[in-house]
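There's a structure below that I have some questions on.
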Amino acid sequence: MAEYAARNWNEATMNENPLLQFEELPPFAHITAEHVEPAIDHLLAENRRRLAELLDGLQEPTWETLIAPIEEWEDELERAWSPVSHMNSVVNSDELRAAYNACLPKLTAYGTEIGQNEQLYQAYRKLAESDQAFNAEQRKVLDNALRDFHLSGIDLAADKKARYKEISQQLSQLTSRFSENLLDCTNAWEKRIQSADALAGLPQSAVELARQTAEQRDYDGWLLTLDYPSYFPVMNYADDRALRRELYEAYNTRASDQGPHERRFDNSEIMEQILALRHELAQLLDFGNYAERSLATKMASSTDEVIHFLEDLARRSHPQAERELAELREYAASLGHDDLQPWDVPYFSEKLRQQRYSISQEEVKPYFPETRVVPGMFEVMSRLFGVSFSEVEGVQAWHPDVKFYEVRDAQGQEVAQFYFDLYARPNKRGGAWMDTCQSRMVTRERCQLPIAYMTCNFTPPVGDKPALLTHDEVETLFHEFGHGLHHMLTRVDYPEISGIAGVAWDAVELPSQFMENFCWQREALDLFSGHYESGERIPQAMFERMLAARNFQSAMLMVRQLEFSLFDFRIHREYDPSEGGRIYPILDQVRAEVAVIEPPAWNRFAHGFSHIFAGGYAAGYYSYKWAEVLSADAFSLFEERGVFDPETGQSFLRNILERGGSKDAAELFRAFRGRDPEIDALLRHSGIAA
Ligand SMILES: [Zn+2]
């Protein structure tokens, strides 16, 4: 069993409170909504009291008197909050959501308070500047902490500090209003359909969804909405061009001054304010603009480097994207459609793909039963990194479907554990993700192993038939397990930089995108696929069609991602208070430079771009492509030396997966690859000629 030391809960916190009563694994079954807020309140109060007490009594700070106790308290908070936040995502209820939302602002306020605690900052500085001996990891923890204090405005004069707080609060309100407008506008629109003929071309499942949505809203017919599961099939499959145009317009004018929404949810002013405040905040901290501020915690070293990176990729992909579009135009023309508009592009693309590769997700599914995919994936990881996985029976979780596993290293030593929650069900957030239950942390007193939540939303097994996965779903599973391995195989002892903690945002997708590559290698594929009835391998001809279809229109997709990335980066980098955001003029410039499809003048894409106006991707959307260069280039070493070359696998384990955020991403990459990243492998994998 794992070397879990008993939790050192303060006696006072060991009351009736189930959130605070676990010694090894979180007591999911006993966490109830009414306990959450008092438990978090209690912990925050405890942490504040303990911190004040520590700082008041502190003479000469050392690692053991300053950092170690703070790590313990922060860890307690993480382990109390993590199961709540996770359950809010996977077994949501009104009560739990209310409790969760009640705690969020308290936790945010606590974080800001720590970031601006002058006494604490001075203690960190004193420690960092002392002549005490620190190992490299401890030095990294201290450097990161000082950097983050600076980015929280700690060394500003009092008036500027106050302004910093004000801006932070306004920004959090504005970004939240941006999301609310987008959500409300999306929800406010619906399209009633009286006859099923109008939905010709749609897959049966999409027609059924439209019918079910209508029933839920007491309408006798079919109902389309702007939710993705409704919008996406219409754009891809609806034969009725006017219907596609209508949905395209409604979707691409959401929360704006255009389209059918009558300016009711207009984000225009909010977007201007967000850009202005971010710029002011960056300048308060002595950055030239918000793009520079964004890079302070990322791998890319300068804004010029990011712009050159994106423009270079655009230059290389653009000619092929033009050719792909020309092909599509020709194909549409051959069917009698000369005037290809943006609302025709997905529709004819889907038809062309079917015609050219005759491959469908449905056809491939019988070869990917979950019962082969999961053990096969473990086998792939075992061959690569020498790790092994075994299920532990009888561990209580939040739902009977959830499984629990132990992970052991090549020596048989237990190194991590994870919860595995594979199937879709009501009240579970969509998509797939890895999240942290607890982090690796080794102190004088105890060794805490990392635990991960691995969450997917696959179709559950029906009857005796195992769950059958699409190839996309298998790829998603490998992707999330890449994040999971990064969190679980870490050897770093300090929770601030162990696993994915402290890894630069533009490098964090390296292990995840790296693992996806194994889904496209015959050698690996045969380990985790096989017909669910006959056990037969995927026929080579089918595999070749899958490979061929993989890069269909990849250059068009690439330039679209580059358009978003350049737009995001430039509006933050070029912000000028005297001219305002110039959001659409800059978008038009970017499009003229990199895009191949010209949207209509009334398109208001940016008004719904929540990644950058409401999410964490501001001046950081480029991270997707940036990390893809790293993951493709890392994988190219396996292509050179063999997909399961044990030495290369060990090197990836030692230099990347185990190191977490303990060194800069560029340094770790160089240690593995023997040189700086190169772009060629990404272009080759995307089918774009170098
Ligand atoms: Zn990811």
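Nothing in this text is a laboratory measurement; each read-out follows from the coordinates by a stated rule. Remember, it's a predicted structure, so these values are computed and weren't measured experimentally. FYI the Cβ positions are ideal-geometry reconstructions off the backbone, even for glycines, and counts take in every protein chain you see.
Return the FRET efficiency for the residue pair Glu640, Asp576: r is the Cβ-Cβ distance, R0 is 41 Å, and the value is rounded to the nearest 0.05. Working shown, then result.
Numbers: r = 47 Å, r/R0 = 1.15.
Result of the calculation: an efficiency of 0.30.
Would you list Arg48, Arg254 from fewest to most Cβ contacts within 10 Å?
In increasing order of surrounding Cβ atoms, one gets Arg48, Arg254.
Express in nm, to one decimal, how much length is gained between Ser93 and His30 on full extension, taking 0.36 nm for each residue of separation and deducting their alpha carbon distance. Please list the in-between numbers first.
Values: separation 63, 0.36 × 63 = 22.68 nm, distance 1.50 nm.
Residue separation times 0.36 nm, minus the Cα-Cα distance, leaves 21.2 nm.
Additional query: Which far-off residues, 5 or more places away or on another chain, put their amide H under 5 Å from the one on Cys447, with H placed in the peptide plane?
Under 5 Å from the amide H of Cys447 lie the amide H atoms of Ala5, each far enough along the sequence or on another chain.
Residue-wise, which Karplus ³J(HN,Hα) couplings in Hz belong to the stretch 450-457, taking 6.51 cos²θ - 1.76 cosθ + 1.60, θ = phi - 60°, and x for glycine or proline?
In residue order, the calculated couplings are x, 10, 10, 9, 10, 10, 10, 9 Hz.
Something else about it: Specify the angular offset, from 0 to 90 degrees and rounded to the nearest 10, of the alpha carbon long axis of helix 94-115 from the longest principal axis of the alpha carbons in the chain.
Around 60 degrees separate the two axes.
How far is it, in nm, from the label point at Ser205 to the one at Arg353 when both lie 7 Å from their Cα along the line to the Cβ?
Reported label-point gap for Ser205 and Arg353 is 1.4 nm.
Taking the beta-carbon count within 10 Å as an exposure proxy, list Leu226, Leu547, Leu310 from fewest neighbours to most.
So the residues, fewest neighbours to most, are Leu547, Leu226, Leu310.
Going by average Cβ density within 10 Å per residue, which order do the peptides 654-660, 336-342, 481-487, 555-561 take, highest to lowest? Mind showing how you got there, number by number?
Details: 654-660: 22.6, 336-342: 12.6, 481-487: 26.4, 555-561: 20.6.
Descending packing order for the listed peptides: 481-487, 654-660, 555-561, 336-342.
Can you pull the percent of Cα pairs in the stretch 51-97 with separation above 15 Å? Walk me through the numbers on the way to the answer.
Working: 626 of 1081 pairs.
In whole percent, the long-distance tail amounts to 58.
Hey, another quick one. Could you name the lysines in cross-link range of Lys403, using Cα to Cα under 28 Å and dropping any fewer than eight places away on the same chain?
Candidates past the 8-residue exclusion: Lys365, Lys428, Lys465.
Leaving out same-chain residues fewer than 8 places away, which aspartates and glutamates sit with a Cα under 16 Å from that of Lys161?
The qualifying aspartates and glutamates are Glu113, Glu118, Asp148, Glu280, Asp286.
By average Cβ neighbour count within 10 Å, what is the ranking of 167-176, 127-136 from highest down?
Most protected by this proxy first, the peptides run 167-176, 127-136.
Contour minus end-to-end for Leu557 and Asp312, with contour as 0.36 nm per residue of separation and end-to-end as the Cα-Cα distance? Don't skip to the end; give the middle numbers.
On the way: separation 245, 0.36 × 245 = 88.20 nm, distance 1.57 nm.
Separation in residues times 0.36 nm, less the Cα-Cα distance, equals 86.6 nm.
Would you mind ranking Ser529, Ser179, Ser439, Ser390 so that the residue whose beta carbon has the fewest other beta carbons within 10 Å leads the list?
In increasing order of surrounding Cβ atoms, one gets Ser390, Ser179, Ser529, Ser439.
How long are the semi-axes of the ellipsoid equivalent to the chain, from square roots of 5 times the Cα gyration tensor eigenvalues, in whole Å, largest first?
Taking √(5λ) for each eigenvalue gives 41, 32, 27 Å, largest first.
Leaving out same-chain residues fewer than 8 places away, which lysines sit with a Cα under 20 Å from that of Lys298?
The reachable lysines, counting only those whose Cα sits under 20 Å from Lys298, are Lys140, Lys625, Lys663.
Based on the Cβ-Cβ distance from Lys126 to Arg654, what FRET efficiency comes out when R0 is 30 Å, to the nearest 0.05?
0.30
If each of Asp338 and Arg675 carries a label point 7 Å out from its Cα toward its Cβ, how far apart are those two points in nm?
The answer from the label model is 5.2 nm.
For the chain, what is the calculated [θ] at 222 nm in deg cm²/dmol (nearest 500), taking -39500 (n - 2.57) for each run of four or more DSSP H residues and dividing by its residue count?
-17500 deg cm²/dmol
Work through the residues other than His399 whose Cβ is under 14 Å from its Cβ and net out their charges, Lys, Arg +1 and Asp, Glu -1.
+2
Expected output is a single nm value to one decimal: the length gained when fully extending between Met542 and Arg139, i.e. 0.36 nm times separation in residues minus the C-alpha distance. What is it?
Here the segment from Met542 to Arg139 would lengthen by 139.8 nm.
Here's another thing I want to ask about it. Which value in nm describes the separation of the simple spin-label points at Asp56 and Glu322, placed 7 Å from the Cα toward the beta carbon?
7.2 nm
Further question on the same structure: If packing is taken as the average number of other Cβ atoms within 10 Å across a peptide's residues, how do 286-294, 72-80 rank, most packed first? Mind dumping the intermediate values first?
Details: 286-294: 20.1, 72-80: 18.2.
The packing order, highest mean first, is 286-294, 72-80.
Here is a further query. Relative to the longest principal axis of the C-alpha atoms of the chain, give the angle of the C-alpha long axis of helix 623-641, reported between 0 and 90° and rounded to the nearest 10°.
That helix lies at roughly 90 degrees to the long axis.
Please list, in order along the stretch 218-229, the HN-Hα scalar couplings obtained from phi with the Karplus expression 6.51 cos²θ - 1.76 cosθ + 1.60 (θ = phi - 60°), rounded to whole Hz, x for Gly and Pro.
Computed from phi, the couplings for the stretch 218-229 are 6, 10, 8, x, 10, 10, 9, 10, 8, 5, 4, x Hz.
Here is a follow-up. Whole-Hz ³J(HN,Hα) for each residue in the stretch 61-73, computed from phi via Karplus 6.51 cos²θ - 1.76 cosθ + 1.60 with θ = phi - 60°, x for glycine and proline: what do you get?
x, 10, 4, 6, 8, 10, 6, 4, x, 5, 4, 4, 5
Still on this structure, please answer the following. Compute the relative contact order of the chain as a whole-number percentage, counting only Cα pairs closer than 8 Å that sit 6 or more residues apart in sequence.
Answer for the chain is 15 percent.
Same structure, new question: Please work out the FRET efficiency for the pair Tyr624 and Glu533, using the Cβ-Cβ distance as r and a Förster radius of 30 Å; give the result to the nearest 0.05.
Details: r = 38 Å, r/R0 = 1.28.
According to the calculation, E is roughly 0.20.
Between beta-carbons, use under 12 Å as the cut-off and find the net charge around Tyr110, counting Lys and Arg +1, Asp and Glu -1.
That sum, taken over residues with Cβ under 12 Å, equals -2.
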